[in-house]
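Quick notes on the structure that follows.
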Amino acid sequence: MSGTIQPIDRLDYAVLAFEMLNDLVAGSSLQEVESEKLSLLYGLVADEIRNSAQELRRNQ
């Protein structure tokens, strides 16, 4: 086994991250969460999903 995380596992982690972001937004007032930081977090997770999907397509 290599030291890298497989793309399918990265997708699982990205789903968990989205669920946690949803909990953050649902559990707090949106005024307590800076929109720039929230946008950055969603963007990072979206990039991870996109990159993982591209890698899975290459490896098919």
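The values are calculated or read from the model by the stated rules, or taken from the named source; none is laboratory data. Everything numeric in this text was worked out from a predicted model, so none of it was measured. No Cβ is skipped: glycine too gets one built from the backbone with ideal geometry, and neighbour counts run over all protein chains shown. Note: accessible area is taken over every heavy atom of the protein model, side chains too, but ligands, DNA and RNA are not part of it. Shrake-Rupley method; radii C 1.70, N 1.55, O 1.52, S 1.80 Å.
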**Message:** Looking at region 31-58, I want the residues that are under 17 Å from T4 (Cα atoms) and have a partner that is open to solvent by 80 Å² or more (accessible area, probe 1.4 Å) and of a type in the set (F, W, Y) with Cβ atoms under 8 Å, at least 6 apart or on another chain. Which pairs are those?
**Reply:** E48/Y13
**Item:** Long-range neighbours under 6 Å by Cβ, at least six apart or interchain, first residue within 13 Å of E55 (Cβ to Cβ) within region 4-16, second open to solvent by less than 80 Å² (accessible area, probe 1.4 Å) and of a type in the set (G, A, S)
**Value:** P7/S52; R10/S52; L11/S52
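Have a look at N51, N59 and point out the one that is of a type in the set (S, T, N, Q) and modelled with pLDDT of 90 or more.
Working: N59 fails: modelled with pLDDT of 90 or more.
Going through N51, N59 in turn, just one is of a type in the set (S, T, N, Q) and modelled with pLDDT of 90 or more: N51.
Could you tell me which of the residues V45, V33 is at pLDDT below 85 and out of contact with any Asp or Glu (no Cβ under 8 Å at 6 or more places or on another chain)?
On the way: V45 fails: at pLDDT below 85.
The unique qualifying residue is V33.
Being open to solvent by 90 Å² or more (accessible area, probe 1.4 Å) and polar (S, T, N, Q) is the filter here; which residues of region 23-49 pass it?
Taking region 23-49 as the starting set, the residues that turn out to be open to solvent by 90 Å² or more (accessible area, probe 1.4 Å) are 23, 30-32, 34, 36-37, 40, 44.
Across region 23-49, the qualifying residue is only Q31.
Mind listing whichever residues of region 21-43 are in a helix (DSSP H, G or I) and in contact with a helix residue (DSSP H, G or I) (Cβ under 9 Å, 6 or more places away or on another chain)?
Narrowing region 21-43 to residues in a helix (DSSP H, G or I): 21-27, 30-32, 35-43.
Scanning region 21-43 gives L21, L24, V25, L30, L38, L41, Y42.
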